[in-house]
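Asker: Below is the structure I would like to discuss, written out as structure tokens.
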Number of protein chains: 4
Amino acid sequence: MAAGSTFGTLFRLTTWGESHGPGVGCVVDGCPAGLPITAEEIQTDLDRRRPGQSRITTQRQEEDVVEILSGVFEGVTTGTPISLLVRNADARSRDYSELRDLYRPSHADYTYAAKFGVRDYRGGGRASYREATGRVAGGAVARKLLAQRHGVEVVAYVLQVCDIRGGVDREAVTRAAVDANIVRCPDPAAAARMIQAIDDARREGDSLGGIVEVVARGVPAGLGEPVFDKLTADFARALMSIPAARGFEVGEGFDSVTLRGSTHNDPFELREGRVRTSSNRSGGIQGGISNGETIVLRVAFKPTATIMQPQQTVTVQGEAVTFQAKGRHDPCVLPRAVATVEAMVALVLADHALRQAGSRLR
Amino acid sequence: MAAGSTFGTLFRLTTWGESHGPGVGCVVDGCPAGLPITAEEIQTDLDRRRPGQSRITTQRQEEDVVEILSGVFEGVTTGTPISLLVRNADARSRDYSELRDLYRPSHADYTYAAKFGVRDYRGGGRASYREATGRVAGGAVARKLLAQRHGVEVVAYVLQVCDIRGGVDREAVTRAAVDANIVRCPDPAAAARMIQAIDDARREGDSLGGIVEVVARGVPAGLGEPVFDKLTADFARALMSIPAARGFEVGEGFDSVTLRGSTHNDPFELREGRVRTSSNRSGGIQGGISNGETIVLRVAFKPTATIMQPQQTVTVQGEAVTFQAKGRHDPCVLPRAVATVEAMVALVLADHALRQAGSRLR
Amino acid sequence: MAAGSTFGTLFRLTTWGESHGPGVGCVVDGCPAGLPITAEEIQTDLDRRRPGQSRITTQRQEEDVVEILSGVFEGVTTGTPISLLVRNADARSRDYSELRDLYRPSHADYTYAAKFGVRDYRGGGRASYREATGRVAGGAVARKLLAQRHGVEVVAYVLQVCDIRGGVDREAVTRAAVDANIVRCPDPAAAARMIQAIDDARREGDSLGGIVEVVARGVPAGLGEPVFDKLTADFARALMSIPAARGFEVGEGFDSVTLRGSTHNDPFELREGRVRTSSNRSGGIQGGISNGETIVLRVAFKPTATIMQPQQTVTVQGEAVTFQAKGRHDPCVLPRAVATVEAMVALVLADHALRQAGSRLR
Amino acid sequence: MAAGSTFGTLFRLTTWGESHGPGVGCVVDGCPAGLPITAEEIQTDLDRRRPGQSRITTQRQEEDVVEILSGVFEGVTTGTPISLLVRNADARSRDYSELRDLYRPSHADYTYAAKFGVRDYRGGGRASYREATGRVAGGAVARKLLAQRHGVEVVAYVLQVCDIRGGVDREAVTRAAVDANIVRCPDPAAAARMIQAIDDARREGDSLGGIVEVVARGVPAGLGEPVFDKLTADFARALMSIPAARGFEVGEGFDSVTLRGSTHNDPFELREGRVRTSSNRSGGIQGGISNGETIVLRVAFKPTATIMQPQQTVTVQGEAVTFQAKGRHDPCVLPRAVATVEAMVALVLADHALRQAGSRLR
């Protein structure tokens, strides 16, 4: 894979694992020593990503129990690499044997074959959403570090499913409110309609996309390293690396296009004794550097590629064939993607908080 | 800057320079030896980015003459770092002295101050769009490499200014068509309206945003390194690092959200003797790896922060003050951003083409 | 640890694990797809590093059974990260409890405490030689790749123990000859004296240092990336990162100092149809790039810090105290270090072989 | 060159330039903002490296005037990349035209040709010692940062030329003492003999090697990132990347091999209120991390490859030929190498001082 499974400069995550191999996991290198962390805390985040949580997610049953293999001693990090392991449990390989000989539309089957020549066809192999387990486990460590050291809070939620969009108060939304319903949209009315839409899609053997929004509150001004490692750039990279991500926005995003400078610019003012903006259309980032306001990002997910309807495709020999998926599937990955989005944002912030330390002499 | 000015793993660009210092430039490290390249070829791309090209861009007059300082011998690259220098010429520092004492709204003045303590306030310093000179110079080398070695062609164009959107044939659009008008939108009718809108905005002392779309044709299947250095992720990082970028899309992007799996998936077929998709809603990338179809990306730019209208802000001492910009400005950065977008996409592809070499044993 | 546990650019090893935690291991990212590899092949190399092999190594008994957790499917690598796990078995933590309160001389106890504040004092934690397990496991994959893809062979051996130096034919020495005796010196007469010296040192409760030499045969000309990632530089970094390493040489090394240009230079000649040197005082590397001759490196190891004699030191509170080690120890780490040296050299060569692919246009 | 011209993680140096191109230089990225630095300070270090300083160095006359192109504003660093340019002046290309057609023994001519296919044959191109100009310029910034921020002092000197070894007090030696004679050995008696030996070698058309020792005083305990970015490993890489380097040692180095644990270990004691070692055979680094004692390193340089005697070699077509160098040459590179060694050590320490910031929570 030409070494593409490591993320970060100082707070660095390396993930590994395939859908149906012995397990998945990660190594977190660069976490400062002295951070209290337990397997239970990591488990809490993993449970939000794992399949089988509710009727609207895939029914694959995996307990996803995490084991800390290194880097934590007497309850605190030691500064050495933290290795986290999750064994694969309910891996019904037999469901996937037919995938060996064809390329599923809009999956990574063909591109992995084109790239690597060989391919672990069982459940999508490395391209399975199971890959995100390592991200979420590592992200849990980053979240703890951000909370403990910097007082930063990251909250992600489902903002939109298909054309149903919720209304969310970015300054007030909590994880509890997000987890209050199975679709993880903190707007209860919209959530109910989203769940209905997902149920409908499942019944039709179809799938839905949507938008996850994520806010980071309490981020100090000054994070981000121009000109290529701007905070915007690293968030974009982090979130666009998640399976099925197709679009990214900061602040007003694509809506800023139809505004004018006079209506988009955020005036500065002195508030609570420090320089603040009176609006936050910049989404907390200006010139690629955090300005102390709440960071606001969105990521668009395409509808899940797996559907239960017949589709045209080709075999690995290039013969036209009709393919119809069988077994368990997620008609909408959004509710589970929330944990991954949160993890990736936390990883970026943890890394940049460490990098920021060297910005100035005094 | 905690070392954020280097981009790429194998084909690596390091840029440097401020708006009003002695010059701007870059070092390209990792370009294969034996590539014919001349200063004139690089100059051609720089001329598309430089200010003062037409009445709709800033009237700052700079010739932006590039000098090759190393890495090219007898007309071809030698495999050693290519150092490119562009002297700053028309740098009227006196225009900027008033900027020392306040933070312009939605510029990087405040965040640079918060991060670094000190700040080169002349013309935005490193945060000036002049920084992109080094990107375009380095991108010209990448473009040559892609054309010569891989037959890959990258074409960017203005798709939308404010709410005026052009119609473009992605498979056929050429640089000549893009450069046929001063706004660089290859749809002549839309271009005329865009130019009018920019003229109007200038008259009003206001500014406009827009969308640049970029296509890469001829990219072989197999480029991209899951799970973090996916092609989608690296394109997102590259394009979101450009000043004023606020959103990124691949393929259908945010529009994919309201499609369903059954309407978004790209069926595979055998065409021209190889595996192709019959539609290209994936924008040429599946599972983070190129699939051989045309790559389609879009980047949203906010309206330029500099406007000629009075705005509320604070001084560096935190006192409220009204600020009104003087001097030259770009009411819409889009026509000049085209060259930068093209450069960044070329840099990503050149890097991944080199990385791809190690993907498989045979 | 500020992310210091990853090695390599394209063929990239990340190691993790402490002496007395649940296990040790590594992730190999960037190995090309299609390489046949089995747990047994990796096990073979691990068995050469593990303790308890013979009467001259530590009697800590660990089976060190490796498990492949990812990246290998149907017997070949898939191009995705290869995660390797070795559980810690015979970890008698009780032996180490007294180490909590003092700093052993010339161990890393004090420096880890100074750096991290907290410290896993059990058996040296991350600074234990057990850390090398991950290196050797990852190195086994690199060795297989080098052999299969490039026909490169890496052989390391004990050249010197204390003042006893063997004589070795660098062009002919084999792993079988190295493993023919327990000290891993392919000169049987010298080996016998080395074993005697180690036995004597153990009896005296003292320890010995020595020199491991390593040769790489069949390396093509052209590997190495000036000016900082020269082959010499990367070998030096790789070997000086091994615990107890104190010196590094290439070719004539420190002996070259007393030669003159006229007696040190390697004349070129045409031999076997290609450019060769008639001597090899350069050790196969010129200007930081391999020249096609056999690569010759040496690494000096200090005597093991653990000795059974009383030593002066201080407690963590700074009180002077006499310390005398108890339990199992290696009076000479050299015989086991051979596997680690071989692994590190293989890792460097595998990485540079991949990097070399992008050096020229044709 | 597959991107090998960048050094460092947070304090990052990128060098560029060939012997006979338009110039040489570097970009320093990641230097904290607020450091006072002038071109004169950098010039002081460059003057120690440049040719033509004295009768024992090459008579190539270059003024090597440095220009700061970016990253410094009103006398202090701004946190943005610092670009430094030195124009090549006295480049007599005509002296080198005969080098196009043959490979000089023990130069990099052949290996560059093998690697890159093309080669800038003028004066060794990138492999010329002129390449070190960028290192020394960047190292001057690192030295200033270390002095100002950390009170760290780096002093290098010629310890040995051929078989003449000086005696030096590592705790007291100053740059003034080093520069007191033209060979830069602070032992005046040894220096006189070294100068004589170099004069003799020049007369004979031959060349000499030697050893540069370097000490770093005032380095705080805790720098270095196990297990691969240990301080020992990074120093080794840094110093072995210098042209003509053939060996590296820390502390007792190769001499530690014949000591025993009981005679090599450094006992700890409480001195001046902190944990100190009563001897310093470890050379200030234990477990790859600084322990607060003076860091002691040595690097062995082979005799200069250029000699004025006839040598056997081959042409690029593989024909045997006798080659005899003409023109100016350095019979011993050691006096000028001192500045480069100092620069590289400073670069490593500056980088690790920044990385160390993230080691622990409090």
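The values are calculated or read from the model by the stated rules, or taken from the named source; none is laboratory data. Just so you know, these numbers come straight off a predicted model, no measurement behind them. Note: ideal-geometry Cβ built from the backbone for every residue, glycine included; neighbour counts use all protein chains shown. Side chains are part of the model used for accessible areas, which takes the heavy atoms of the whole protein and leaves out ligands, DNA and RNA. Shrake-Rupley method; radii C 1.70, N 1.55, O 1.52, S 1.80 Å.
Asker: Which ones in the stretch A:247-281 are touching a Ser or Thr at 6+ places or on another chain (Cβ under 6 Å) and small (Gly, Ala, Ser)?
Answerer: Residues satisfying the conditions are A:Gly251, A:Gly261.
Asker: Could you please give the count of residues in the stretch C:235-275 that are open to solvent by 10 Å² or more (accessible area, probe 1.4 Å), more than 7 Å from chain D (Cβ to nearest Cβ) and within 29 Å of the chain's Cα centre (by Cα)?
Answerer: 3
Asker: Another one. Could you say whether any residue in the stretch B:86-99 is assigned to a loop (DSSP other than H, G, I, E, B), at pLDDT 90 or above and open to solvent by less than 20 Å² (accessible area, probe 1.4 Å)?
Answerer: Here is the first cut: in the stretch B:86-99, the ones assigned to a loop (DSSP other than H, G, I, E, B) are B:88-92.
Those still in the list that are at pLDDT 90 or above too: B:88.
Next cut, open to solvent by less than 20 Å² (accessible area, probe 1.4 Å) only: none.
Taking every residue of the stretch B:86-99 in turn, none turns out to be assigned to a loop (DSSP other than H, G, I, E, B), at pLDDT 90 or above and open to solvent by less than 20 Å² (accessible area, probe 1.4 Å).
Asker: Would you be able to tell me the number of residues in the stretch D:45-85 that are of a type in the set (A, V, I, L, M), modelled with pLDDT under 95 and in a helix (DSSP H, G or I)?
Answerer: Count: 0.
Asker: Take the stretch B:139-158 and flag every residue that is over 17 Å from B:Pro243 (Cα atoms), assigned to a helix (DSSP H, G or I) and open to solvent by less than 10 Å² (accessible area, probe 1.4 Å).
Answerer: Answer for the stretch B:139-158, where residues must be over 17 Å from B:Pro243 (Cα atoms), assigned to a helix (DSSP H, G or I) and open to solvent by less than 10 Å² (accessible area, probe 1.4 Å): B:Ala140, B:Val141, B:Ala142, B:Leu145, B:Leu146.
Asker: Out of the residues in the stretch D:1-23 that are of a type in the set (Val, Ile, Thr) and touching a residue at least 12 places away in the same chain (Cβ under 8 Å), which is farthest from D:Gly123 (Cα to Cα)?
Answerer: In the first step, residues of the stretch D:1-23 are kept if they are of a type in the set (Val, Ile, Thr); the result is D:6, D:9, D:14-15.
With touching a residue at least 12 places away in the same chain (Cβ under 8 Å) added as a condition, the list becomes D:9, D:14-15.
Working: D:Thr9: 31, D:Thr14: 21, D:Thr15: 18 Å.
Among those residues, the one meeting the criterion is D:Thr9.
Asker: Which of the residues spanning the stretch D:314-362 are among the charged types (D, E, K, R), open to solvent by less than 10 Å² (accessible area, probe 1.4 Å) and closer than 16 Å to D:Val158 by Cβ? Reasoning before the result, please.
Answerer: From the stretch D:314-362, those among the charged types (D, E, K, R) are D:319, D:326, D:328, D:330, D:336, D:342, D:351, D:355, D:360, D:362; that's our starting set.
From what is left, the residues that are open to solvent by less than 10 Å² (accessible area, probe 1.4 Å) are D:342, D:351, D:355.
Of everything in the stretch D:314-362, just one residue is among the charged types (D, E, K, R), open to solvent by less than 10 Å² (accessible area, probe 1.4 Å) and closer than 16 Å to D:Val158 by Cβ, namely D:Glu342.
Asker: Also, quick follow-up: Among the residues of the stretch A:103-129, write down those that are open to solvent by 10 Å² or more (accessible area, probe 1.4 Å), in a helix (DSSP H, G or I), touching a residue at least 60 places away in the same chain (Cβ under 8 Å) and not aliphatic (A, V, I, L, M).
Answerer: A:Arg122, A:Gly123, A:Gly124, A:Tyr129
Asker: Looking for whichever is aliphatic (A, V, I, L, M) and in contact with a Gly (Cβ under 6 Å, 6 or more places away or on another chain) here; the options are D:Ala180, D:Ala190, D:Ala172. Which one fits? Break it down into steps so the answer makes sense when it comes.
Answerer: On the way: D:Ala180 fails: in contact with a Gly (Cβ under 6 Å, 6 or more places away or on another chain); D:Ala172 fails: in contact with a Gly (Cβ under 6 Å, 6 or more places away or on another chain).
One residue alone meets the criteria, D:Ala190.
Asker: Does C:Gly253 meet the test of being on the phi > 0 side of the Ramachandran plot and modelled with pLDDT of 95 or more? Spell out the reasoning first.
Answerer: Working: on the phi > 0 side of the Ramachandran plot: yes; modelled with pLDDT of 95 or more: yes.
Criteria met by C:Gly253.
Asker: Please work out which residue is surrounded by the fewest Cβ atoms within 10 Å (Cβ to Cβ), limiting yourself to the stretch C:172-203 and to residues that are assigned to a loop (DSSP other than H, G, I, E, B) and out of contact with any strand residue (DSSP E or B) (no Cβ under 7 Å at 6 or more places or on another chain).
Answerer: Step one: filter the stretch C:172-203 for residues assigned to a loop (DSSP other than H, G, I, E, B), giving C:172-174, C:179-187.
Checking the rest, the ones that are also out of contact with any strand residue (DSSP E or B) (no Cβ under 7 Å at 6 or more places or on another chain) come to C:172, C:179-182, C:187.
Details: C:Ala172: 11, C:Asp179: 14, C:Ala180: 13, C:Asn181: 19, C:Ile182: 16, C:Asp187: 21.
The qualifying residue surrounded by the fewest Cβ atoms within 10 Å (Cβ to Cβ) is C:Ala172.
Asker: May I ask you to say which residue of C:Ala142, C:Ala114 is at pLDDT 95 or above, within 13 Å of chain D (Cβ to nearest Cβ) and more than 17 Å from C:Ala305 (Cα to Cα)? Show your work before the answer.
Answerer: Values: C:Ala142 fails: within 13 Å of chain D (Cβ to nearest Cβ).
That would be C:Ala114, the only listed residue that is at pLDDT 95 or above, within 13 Å of chain D (Cβ to nearest Cβ) and more than 17 Å from C:Ala305 (Cα to Cα).
Asker: Something else about it: For B:Ala147, state whether it is free of Cβ contacts under 8 Å to residues at least 40 places away in the same chain, touching a strand residue (DSSP E or B) at 6+ places or on another chain (Cβ under 8 Å) and over 30 Å from A:Asn280 (Cα atoms). Let's see the steps before the verdict.
Answerer: Working: free of Cβ contacts under 8 Å to residues at least 40 places away in the same chain: yes; touching a strand residue (DSSP E or B) at 6+ places or on another chain (Cβ under 8 Å): yes; over 30 Å from A:Asn280 (Cα atoms): yes.
Yes, satisfied.
Asker: Of all residues in the stretch C:11-20, how many are modelled with pLDDT of 95 or more and either within 8 Å of chain D (Cβ to nearest Cβ) or farther than 20 Å from A:Asp351 by Cβ (or both)? Working first, answer last.
Answerer: Initially, the stretch C:11-20 is screened for residues modelled with pLDDT of 95 or more, giving C:11-18.
Then drop every residue that is not either within 8 Å of chain D (Cβ to nearest Cβ) or farther than 20 Å from A:Asp351 by Cβ (or both), which leaves C:11, C:13, C:15, C:17-18.
Going through the stretch C:11-20 one residue at a time, the tally reaches 5.
Asker: Let me ask another. When the stretch D:276-293 is examined, which residues are found to be open to solvent by 10 Å² or more (accessible area, probe 1.4 Å) and touching a residue at least 40 places away in the same chain (Cβ under 8 Å)?
Answerer: Applying the first criterion (open to solvent by 10 Å² or more (accessible area, probe 1.4 Å)) to the stretch D:276-293 yields D:276, D:278-281, D:287, D:292-293.
The answer is D:Gly287, D:Gly292.
Asker: Next question. Just a yes or no: is a residue in the stretch A:251-274 in a strand (DSSP E or B) and in contact with a helix residue (DSSP H, G or I) (Cβ under 6 Å, 6 or more places away or on another chain)? Walk me through how you get there before you give the answer.
Answerer: Going residue by residue through the stretch A:251-274, those that are in a strand (DSSP E or B) are A:260, A:268-271, A:274.
Keeping just the survivors that are in contact with a helix residue (DSSP H, G or I) (Cβ under 6 Å, 6 or more places away or on another chain) gives none.
No, there is no match, as no residue in the stretch A:251-274 is in a strand (DSSP E or B) and in contact with a helix residue (DSSP H, G or I) (Cβ under 6 Å, 6 or more places away or on another chain).
Asker: Which numbered condition in (1) surrounded by 22 or more Cβ atoms within 10 Å (Cβ to Cβ); (2) in a strand (DSSP E or B) is the only one that D:Gly21 fails?
Answerer: Condition (2) is where D:Gly21 drops out.
Asker: Which residues, counting only those in the stretch B:75-84, are surrounded by fewer than 23 Cβ atoms within 10 Å (Cβ to Cβ) and more than 8 Å from chain D (Cβ to nearest Cβ)?
Answerer: Let us first name the residues in the stretch B:75-84 that are surrounded by fewer than 23 Cβ atoms within 10 Å (Cβ to Cβ), namely B:75-76.
Residue satisfying the conditions is B:Gly75 alone.
Asker: With respect to A:Ala108, is the statement that it is at negative phi, in contact with a helix residue (DSSP H, G or I) (Cβ under 8 Å, 6 or more places away or on another chain), within 14 Å of chain B (Cβ to nearest Cβ) and at pLDDT 95 or above true? Before you say what the answer is, go through the steps one by one.
Answerer: Numbers: at negative phi: yes; in contact with a helix residue (DSSP H, G or I) (Cβ under 8 Å, 6 or more places away or on another chain): yes; within 14 Å of chain B (Cβ to nearest Cβ): yes; at pLDDT 95 or above: yes.
Spelling it out, A:Ala108 is indeed at negative phi, in contact with a helix residue (DSSP H, G or I) (Cβ under 8 Å, 6 or more places away or on another chain), within 14 Å of chain B (Cβ to nearest Cβ) and at pLDDT 95 or above.
Asker: Among the numbered criteria (1) of a type in the set (A, V, I, L, M, F, W, C); (2) under 29 Å from D:Thr14 (Cα atoms); (3) surrounded by 24 or more Cβ atoms within 10 Å (Cβ to Cβ), which single criterion is violated by D:Ile307?
Answerer: Every condition holds for D:Ile307 apart from (2).
Asker: Being within 14 Å of chain D (Cβ to nearest Cβ) and either closer than 30 Å to B:Ala201 by Cβ or not aliphatic (A, V, I, L, M) (or both) is the filter here, so list the residues in the stretch B:35-74 that pass it. Spell out how you get there, then give the answer.
Answerer: Initially, the stretch B:35-74 is screened for residues within 14 Å of chain D (Cβ to nearest Cβ), giving B:35-37, B:39, B:65-74.
B:Pro36, B:Glu67, B:Ser70, B:Gly71, B:Phe73, B:Glu74 - these are the residues of the stretch B:35-74 that are within 14 Å of chain D (Cβ to nearest Cβ) and either closer than 30 Å to B:Ala201 by Cβ or not aliphatic (A, V, I, L, M) (or both).
Asker: Here is a check on your reading of the model: is A:Pro22 touching a Lys or Arg at 6+ places or on another chain (Cβ under 6 Å) and under 28 Å from C:Ser19 (Cβ atoms)?
Answerer: No.
Asker: Residues to consider are C:Thr14, C:Thr44, C:Thr57, C:Thr38; find the one that is polar (S, T, N, Q) and under 21 Å from D:Thr232 (Cβ atoms).
Answerer: Details: C:Thr44 fails: under 21 Å from D:Thr232 (Cβ atoms); C:Thr57 fails: under 21 Å from D:Thr232 (Cβ atoms); C:Thr38 fails: under 21 Å from D:Thr232 (Cβ atoms).
Result: C:Thr14 is the single residue among C:Thr14, C:Thr44, C:Thr57, C:Thr38 that is polar (S, T, N, Q) and under 21 Å from D:Thr232 (Cβ atoms).
Conditions tested, residue by residue: (1) touching a Gly at 6+ places or on another chain (Cβ under 9 Å); (2) within 29 Å of B:Asp163 (Cα to Cα).
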{"site": "B:Gln309", "(1), (2)": "yes, yes"}
{"site": "B:Thr322", "(1), (2)": "no, no"}
{"site": "B:Gly327", "(1), (2)": "no, yes"}
{"site": "B:Asp330", "(1), (2)": "no, yes"}
{"site": "B:Glu342", "(1), (2)": "yes, yes"}
{"site": "B:Leu354", "(1), (2)": "yes, no"}
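Asker: A further question follows. What number of residues in the stretch C:195-230 are over 18 Å from the mean Cα position of the chain (by Cα) and either among the polar types (S, T, N, Q) or within 12 Å of chain D (Cβ to nearest Cβ) (or both)?
Answerer: We begin by selecting, within the stretch C:195-230, every residue over 18 Å from the mean Cα position of the chain (by Cα); these are C:195-207, C:218-230.
This time we only want the ones that are either among the polar types (S, T, N, Q) or within 12 Å of chain D (Cβ to nearest Cβ) (or both), so: C:196-198, C:200-202, C:204-207, C:219-230.
Result for the stretch C:195-230: 22.
Asker: Kindly provide the set of residues from the stretch B:24-45 that are touching a residue at least 60 places away in the same chain (Cβ under 8 Å) and surrounded by fewer than 21 Cβ atoms within 10 Å (Cβ to Cβ), ordered by number.
Answerer: Across the stretch B:24-45, the qualifying residues are B:Pro36, B:Glu41, B:Thr44.
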